[in-house]
Structure formats: C-alpha cells, structure tokens
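Novice: Sharing a structure, written as structure tokens. Questions coming.
What follows draws every value from the coordinates through simple rules; no lab data is involved. No experiment lies behind these values; they were computed from the predicted model shown. Cβ placement follows ideal geometry from the backbone for every residue including glycine, while neighbour counts extend to all protein chains displayed.
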Amino acid sequence: MPTDLATRLSHQLSRALIGKPQTVRLLLVGLFARGHVLIEDLPGLGKTTLARALARAVSCEFRRVQFTPDLLPTDIIGTSVYRQQDGTFEFREGPVFTHILLADEINRATPRTQSALLEAMSEQQVSSEGQTRKLPRPFFVIATQNPIEHAGTYPLPESQLDRFMLKFEVGYPGADEEKRILFEHAQGDTLQHVEQVLNREDVLVVQEAVKKVRVEPAIADYILEIVNETRNNPKLVSGVSPRGSVALFRAAQAHALIEGRDFVVPDDVKALAVPVLSHRVIERASFDRRGGKSGQDVIRKVLGKVAVSA
C-alpha cells in the first residue's frame with residue numbers, strides 16, 4: 001500500500017530529525033507530489049541531516065552540491081570535455097543527473113548559477129550545447145538556505161523560488177527533544193539509526209498513487225478562491241501564479257495519501273497553503289523579499305477570510 005510506504009519512510013526520517021514530524025511530513029509531500037522543497041533556517045538546525053536521512057532511507061542515487069560564490073552553472077549541469085585520443089568532445093554529466101539532489105546553502109551562489117537549476121526543476125531535463133538530456137526519475141531537489149540577512153548570501157530570483165513546491169523552516173527543537181538529541185549524538189551520528197526502507201520503484205509507485213487521489217470540484221474551487229484572493233489583494237504587489245495553484249492541488253493530494261485517504265479534504269489544503277503559497281507573494285507595504293514572514297502572515301489572513309466551499 002502506498003500509504004504504508006509513506007509511513008515507513010516517515011518513521012525513518014523522524015529517527016534522524018528528532019521532534020519535527022511536521023517538517024518530515026512536508027518533505028514527504030514534496031517528494032511524493034513530484035515537487036521540490038526549499039528549507040530556510042539558521043545553520044545547525046538539521047536541514048542537511050534531513051536530506052541525508054532521506055537519501056539513506058531511499059535507495060536512490062544521491063548527490064550534494066555545496067553552493068559557493070564561485071560555483072559555475074557547468075559545475076551543476078555538466079560540460080563537454082575534449083577527448084585527445086579521437087579529437088571529439090564528450091559530455092560529462094554534472095551532479096544534477098541524479099535522483100535526489102541536495103543544493104546546500106543555495107543562496108550563497110550567484111543568481112546566474114542558481115538559475116542553472118530552472119529547467120531541471122520544471123521540466124526534468126537539461127539543455128546544454130544544443131542537446132536536451134532527460135534527468136532520471138524520480139528527480140527531487142532539496143535546497144537549503146540561510147536567512148538572507150546573513151553575510152555572503154544572495155536572494156533567490158523570483159522565477160527560481162516559484163519552482164519550489166514548498167518552502168518551510170525547521171525551527172528550534174523543544175527542551176525534551178533537544179535533551180534527547182544530546183544523548184543521541186553522544187552515542188554517534190543520528191543517521192546511523194536510519195535504515196533503507198524504500199527503493200526507486202517504491203517512490204514512483206507512491207507518486208503515481210498520489211495522482212489518483214480524488215479531488216472534488218468543491219475542493220478545487222476552494223483552492224482557486226484562496227489563490228484569487230491573493231491576486232485581488234490590494235496589499236500585494238502580485239498574487240499567486242497558476243503554477244502555485246497547481247502546486248497546492250498536487251500537494252494536497254500527497255498530504256491526503258500520507259494521511260491514509262484516497263480523497264482530499266479542506267484540512268489538507270489548509271495544512272499546506274502557507275508552505276506552498278507564502279513564498280509566491282510579496283506585500284506592497286513592506287516590499288519584503290518573497291518568502292519572508294510577511295508572506296506567511298498574508299496567506300494565514302487569506303485562509304481566515306475564504307470560506308470552505310460547500
């Protein structure tokens with residue numbers, strides 16, 4: 001059963017990221033809804049640990065790219081190398097040709113390098129030197145970033161942000177959870193407790209099952225009312241794009257499946273509206289960068305205003 005597969009994976013990830021079940025759930029929503037996730041928070045809160053735990057629990061190819069100011073687009077997508085033996089050029093694939101890609105501290109690279117991921121994330125292919133090359137399936141990007149106030153960071157271009165299905169934070173652990181973390185780390189790396197429970201085919205099975213989760217017209221209308229409210233909000237410079245409404249639709253399907261249902265309910269939409277939509281709006285009064293706290297507040301107010309369709 002696809003729900004059982006999701007439950008098993010959730011259990012393993014929770015062994016690495018202690019006390020953060022909601023963060024684990026959002027990561028799984030992104031994976032099973034065929035999206036990508038952006039995790040923004042302070043250093044040391046477990047962003048990279050969560051990505052590595054997923055790679056360990058799922059038998060898929062995993063690669064990590066540490067984004068730095070001198071990173072080039074070819075360092076991500078690959079480049080052609082001259083073969084002296086026969087006088088030809090051979091394309092050497094970059095780390096983007098993988099199943100799970102960890103783009104660590106993505107906002108430390110220049111916008112030009114960040115944009116190298118645009119085609120890969122939206123179309124699961126890479127165009128280079130006149131050729132288009134398909135990426136393997138599944139293809140899932142987990143990007144981490146530090147708050148833009150930190151030194152040496154570049155804000156993500158709006159087109160790049162829009163490619164992420166979800167953007168969320170990890171947050172500090174509670175007192176009891178942090179005490180448990182202390183003792184777990186005293187015994188060794190928490191990743192050693194994570195076991196492989198899924199393989200590539202299992203992930204594809206769950207992704208296909210998510211597509212079949214039923215969404216009634218009333219739920220679709222509810223999603224569209226939320227989106228339209230952002231577009232008509234005079235406090236916003238721009239509202240949510242059609243890509244955002246599609247993302248919320250698919251994320252709600254994945255959330256329902258993880259919850260053990262084959263149909264979406266309004267609570268699925270409410271649970272995901274903030275992480276799916278907040279980084280896609282910008283408030284006129286403050287002109288915050290997309291994805292700031294201001295965006296989260298706006299979406300929460302919209303949820304309070306829009307009634308659930310009958």
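Novice: Quick one: the Cα spread of the chain along its three principal axes, in angstroms, biggest first?
Specialist: 70, 46, 41
Novice: Among the listed pairs K20/K211; K212/K270; K167/K301; K167/K270, which have their C-alpha atoms separated by more than 24 angstrom in this model?
Specialist: Long pairs (Cα-Cα over 24 Å): K20/K211.
Novice: Considering segment 1-87, what Rg and Dmax in Å follow from its alpha-carbon atoms?
Specialist: Here Rg and the maximum Cα pair distance are 17.3, 57 Å.
Novice: What number comes out for the charge environment of K134, summing +1 per Lys or Arg and -1 per Asp or Glu over other residues with Cβ under 14 Å away?
Specialist: -1
Novice: Determine, for each peptide in 248-261, 73-86, the mean count of other beta carbons within 10 angstrom over its residues, then list the peptides with the highest first.
Specialist: So the peptides 248-261, 73-86, ranked by packing, come out 248-261, 73-86.
Novice: Right, another one. Given the peptides 116-126, 25-35, arrange them by the average over their residues of other C-beta atoms within 10 Å, most packed first.
Specialist: 25-35, 116-126
Novice: OK, next. In segment 212-305, how does Rg compare with the Kirkwood Rh, expressed as the Rg/Rh ratio over alpha carbon atoms?
Specialist: Rounded to two decimals, Rg/Rh equals 0.99.
Novice: Here's another thing I want to ask about it. Across segment 70-86, in residue order, what do the Karplus-derived ³J(HN,Hα) couplings come to in whole Hz, using 6.51 cos²θ - 1.76 cosθ + 1.60 with θ = phi - 60° and x for Gly and Pro?
Specialist: 9, 5, 9, x, 5, 5, 9, 8, x, 7, 8, 10, 6, 9, 5, 4, 10
Novice: Another one. With +1 on the Cβ of every Lys and Arg and -1 on the Cβ of every Asp and Glu, and nothing else charged, how large is the dipole of the chain about its Cα centre, in debye rounded to the nearest 20?
Specialist: 400
Novice: Roughly how many nanometres apart are two label points built 7 Å out from the Cα toward the Cβ at R137 and E178?
Specialist: 4.5
Novice: If you don't mind, another one. Quick one: which of 87-97, 159-169, 173-183 comes out on top by average Cβ neighbours within 10 Å, and what's the full order, highest first?
Specialist: The densest-packed peptide leads the list: 159-169, 87-97, 173-183.
Novice: Here's something else I'd like to know. If I model a spin label at R243 and R214 as a point 7 Å from the Cα along the Cα→Cβ vector, what separation in nanometres do I get?
Specialist: Simple spin-label model gives 3.3 nm for this pair.
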